[in-house]
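First comes the structure, then the notes that go with it.
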Amino acid sequence: MKILFVHQNFPGQFGGLVDRLLMDGADVAGIGAREFHRSGIRYQRYGAPMVHQSNDLSIDDASGRLRRASAVAAQARLLQRAGFEPDVMIVHSGWGEALYLRDIFPRAKLVCYCEFFYHRSGTDIGFDPEFPIESLDILHRLRVRNAFELASVDDAVACISPTLWQRSTYPVELHSKIAVLHEGIDVSGLVADEASVAQWRLKLGIRRQAPIITYVARYLEPHRGFHILMRAVPILQSLVPDAHILVIGAEKGGYGPAPANGQTWKEVLLQQNGWEIDHTRLHFLGNLPFRDYVAVAQMAQVHVYLTYPFVLSWSALEAMAKGQAIVASDTPPVSEFMTHGETARLVNFFDSEALARATVDLLQDREQREYLGLAARDLIRKRGLDRAEASQKLAQFIHQL
């Protein structure tokens, strides 16, 4: 079987599936926008599209997606000229990359990875009253994004969403076409090197007995509740004076808009309440290599995870797989995997004080931490979310098309 993967950050979510299909003897090719080299995979890199900015967000968004579709199509034609004709194409449908592929490979079966369908309110947009929709241009741009998504899904013979909630964001008439199959997480890679843990303790100046709380997000932004965390920090520090809070994530970038004044959300929030915070016990670590991330996470007694109704982070499932005690937002992506009092403590997303107090309760209750952590780890196992097992299910799905 010949399989073509397309993902701007190849292999992205497809990494485990690529490994599994290669083990099964498939002939695998990939198209993406970043450097990638691996023996046994034909890989074509396309140049990131350059878009001349106009004063219309929708036009710019559509132009970028059309240019990306054209760039992918050019690389697909190169593969075709080299004799590669895929039986199956597996493509993330979110950026327009799938748009022209069936024109080039009409006999190939297209499978779309359906990550998220935008709504006018109640998900990543229009959920947080602190950040209302600033203009109709924002909503118009979402219509453009969804239009490209629908065009790709229409060409597909089948689609995949990683969670039930993510599938639920799509129009109900498409649900029967979208299988819920998570790509899994690297459970075996979540075992920390004790020497690395010791090095991080030394580097941060944290004594062994000190309580530690972790917070992880790709970007430090409201979409992942960073503003709620920062407002909980002074309360946490007043209740547990020797606790250290370790924050992992990039200060720049994000799924949502940046502050209007060009600052980062970290800078804005520190200006708002930085005077209330003991900065010697609040550590911003930036983005970390995976091994360092695992070592830092190993130090924590409690992990905090917050998100809008948006895509569930791998870090949430990784915290569960590590058996960490978790305090998380009671939002739909989270509650699909975490149950209050059984596998985590869930709090109202907007309630910083409730977040702080739930975290302190767990810091002071070792028996409850162990109970929640073991139950969370067991749920990951029961749902088959280890990457090896999840990839095998995905490969079976592909072979049966």
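Each of 41, 283, 168 was placed along the dipole of the chain (beta-carbon charges, centred on the mean Cα), and the one lying farthest toward the positive end is 41. Here the sum of -39500 (n - 2.57) over DSSP H runs of 4 or more residues, divided by the residues of the chain, equals -12000 deg cm²/dmol at 222 nm, to the nearest 500.
Between the alpha-carbon centres of the stretch 155-203 and the stretch 31-100 there is a gap of 23 Å.
For the listed peptides 58-64, 379-385, 3-9, a ranking on the average number of other beta carbons within 10 Å per residue, highest first, reads 3-9, 58-64, 379-385. The magnitude of the dipole of the stretch 187-382, with charges of +1 and -1 set on the Cβ of Lys/Arg and Asp/Glu and taken from the Cα centre, is near 420 debye. Between the stretch 223-255 and the stretch 275-305, what is the C-alpha centre distance in whole Å? So the two Cα centres are separated by 9 Å. Taken about its Cα centre, the chain carries a charge dipole of roughly 960 debye when the Cβ of each Lys and Arg holds +1 and the Cβ of each Asp and Glu holds -1. Around the amide H of residue 339, modelled in the peptide plane, lie the amide H atoms of 344, all under 5 Å away and 5 or more residues distant in sequence or on another chain.
Starting from the Cα-Cα distance between residue 389 and residue 138, subtract it from 0.36 nm times their residue separation and give me the gain in nm to one decimal.
86.4 nm
The ellipsoid that matches the Cα gyration tensor of the stretch 187-382 has semi-axes, each √(5λ) in whole angstrom, of 23, 20, 17, with the longest given first. For residue 305, the residues 5 or more places off, or on other chains, whose built amide H falls under 5 Å of its own are 327, 328, 329.
With the cut-off at under 20 Å, measuring from each backbone N in the stretch 296-340 to a point 7 Å along the Cα-to-Cβ line of residue 239 picks out 300-307, 324-331, 339-340.
Each principal axis of the Cα cloud of the chain was taken in turn, and the coordinate range along them, longest first, works out to 65, 49, 38 Å.
Put in order of Cβ neighbour count within 10 Å, fewest first, the listed residues 114, 159 become 159, 114. Karplus-derived 3J(HN,Hα) values for the stretch 156-167, using 6.51 cos²θ - 1.76 cosθ + 1.60 with θ = phi - 60°, are 7, 7, 7, 9, 10, 10, x, 9, 4, 5, 5, 4 Hz; glycine and proline are entered as x.
A short reminder: the numbers here are calculations on the coordinates, not readings from a lab. No experiment lies behind these values; they were computed from the predicted model shown. Here Cβ is always computed from backbone atoms with ideal geometry, including for glycine, and neighbour counts include all displayed protein chains.
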